[in-house]
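Presented below is the structure to which this report refers.
Every number in this text was worked out from the coordinates using simple rules, so none of it is lab data. Computed from a predicted model, the values in this text were never measured in an experiment. Counting neighbours? That spans all protein chains shown, and the Cβs are built from the backbone with ideal geometry, glycine included.
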Amino acid sequence: MNEKKPERLKVLSIIAIVIGIIALISSWMPFVNNGSFAIAIVSLVMGIIGMLMNLKNKKLLSLVAIVISSISIAVVIVTQSSYSSALENASKESDKAVKKSENKTNGNNTDKYLKNMDINIGQLQTNDDGYGNIDTKMEVSIKNTSSKKINYSVTVQAYSSNTEKLGDPEYIEVELQPDESIQKTIFEYLPQDKVQSYKDATYKISKVQDYSY
């Protein structure tokens, strides 16, 4: 029985080496290397057992198994740390991109975008058509004063004398090259019973959204 013991231990060490090689081959693969880590631990334990139970004989195979499994474990730890760092960085970059995109369209950068334009909001004009209907309109001129093309949505809001919003805002789509200008007509077809309120209102740019890419 004792003569067969070295042979059994040799087989154990060979199995440990084979398992260790499998773990080493797959240790760099994302997600798969979770299993590689477990396999490498098994290989390491088997190698150590083979070494401890074979102290009086050659321990080369057990040492090889221990070395391979240890390398596999190290590779798994390093690669998982690297992948984790890469995923974290990608997540941060994604969050930054989302936040930047949101800031472009939620109005947070309105003051910044206004510096790229010269906007002149005219007076509200009214005209009685003789049939009891009052036509309304307001002319707005916008010039791109920046050195780049702009693609904005400008929101103009009417405010009553007590600074409350008066009705719905008007939106002006602005797509201009540098030094290019446009003129838009807004606040047409106002409710007849609200015309006087709009004539007395104050008009302000409440939001500028950037739709450039």
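The charge dipole of the stretch 4-105, taken about its Cα centre with unit charges on the Cβ atoms of Lys, Arg (+1), Asp and Glu (-1) only, comes to about 460 debye. Listed by chain and number, the aspartates and glutamates placed with their C-alpha closer than 18 angstrom to that of residue 104 are 93, 95, 173, 175, 210; residues fewer than eight positions away on the same chain are left out. Scanning the chain for GluC sites (Glu not before Pro) in DSSP loops with at most 13 neighbouring Cβ atoms within 10 Å leaves 4-163 as the longest stretch between them.
For the chain, the Stokes-Einstein estimate of translational diffusion at 25 °C and a viscosity of 0.890 mPa s comes to 103 µm²/s, using the Kirkwood hydrodynamic radius over alpha-carbon pairs. The chymotrypsin sites (Phe, Trp or Tyr not before Pro) of the stretch 82-191 meeting both criteria, a DSSP state outside H, G, I, E and B (loop) and at most 12 other C-beta atoms within 10 angstrom of the site's C-beta, are 131, 189. Across all Cα atoms of the stretch 106-203, the radius of gyration (one decimal) and Dmax (whole number) stand at 15.1, 49 Å. Only helices enter the 222 nm calculation for the chain: every DSSP H run of n ≥ 4 contributes -39,500 (n - 2.57), and dividing by all residues gives -16000 deg cm²/dmol, rounded to 500.
For the stretch 110-210, the Cβ-based charge dipole about the Cα centre amounts to some 440 debye (Lys, Arg positive; Asp, Glu negative; other atoms uncharged). Sequence neighbours fewer than 8 away in the same chain don't count; with that in mind, list the lysines whose C-alpha is under 28 Å from residue 10. By straight Cα distance, residue 10 reaches 56, 58, 59. In a DSSP loop and with at most 13 other Cβ atoms within 10 Å, the trypsin sites (Lys or Arg not before Pro) in the stretch 75-134 are 115.
Legend: residue pairs 115/184; 96/184; 112/194; 143/194; 165/207, Cα-Cα distance threshold 24 Å; pairs beyond threshold, 96/184; 112/194; 143/194.
When you restrict to C-alpha pairs under 8 Å that are six or more residues apart and normalise by the size of the stretch 110-210, the relative contact order lands at 34 percent. Taking other C-beta atoms within 10 angstrom as a stand-in for reagent exposure, 140, 42 fall in the order 42, 140, fewest first.
Once C-alpha pairs closer than 8 Å and six or more residues apart are averaged by separation and normalised to the residue number of the chain, the relative contact order reads 17 percent.
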